[in-house]
């Protein structure tokens, strides 16, 4: 699939995040950057979050479901494979993003010759 120019894909992997997934998704949906799509991957949740996601998916995000916990990496990869964006941003299900988070991430990537963007708090990447 060819990425859609300018589209940002936000990927959220959820596993038993009933206490935090609502706030996470609300913050993702308040982003100032457009256009964006929101893809949530549920990793076999058993705490009610899967049912909440099913009930709310059609109106604001796309839901991918696994019957068992496949792990964070496989969940992320499933979300990326389903995405259509030129840009991909990962948001943890226990995080809430500032409304300009995506706008700032895309701007940073557009102004550098790399496919990576990290928060200022990350000074090194440990490859081990």
What number of residues in segment 1-16 are in contact with a strand residue (DSSP E or B) (Cβ under 9 Å, 6 or more places away or on another chain) and more than 21 Å from residue 99 (Cα to Cα)? 5
Number of positions in segment 28-80 that are touching a residue at least 24 places away in the same chain (Cβ under 8 Å), touching a strand residue (DSSP E or B) at 6+ places or on another chain (Cβ under 9 Å), closer than 25 Å to residue 102 by Cα and part of a loop (DSSP other than H, G, I, E, B): 5
Taking the condition farther than 17 Å from residue 54 by Cα and either modelled with pLDDT under 95 or buried (at least 21 other Cβ atoms within 10 Å of the Cβ) (or both), does residue 3 pass? yes
Conditions (1) in contact (Cβ under 8 Å) with a residue 24 or more places away in the chain; (2) in a helix (DSSP H, G or I); number of the one not met by residue 16: (2)
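The values are calculated or read from the model by the stated rules, or taken from the named source; none is laboratory data. The structure displayed is predicted, hence computed values, not measured ones. Note that each Cβ is placed from the backbone with ideal geometry, even for glycine, and that neighbours are counted across all protein chains shown.
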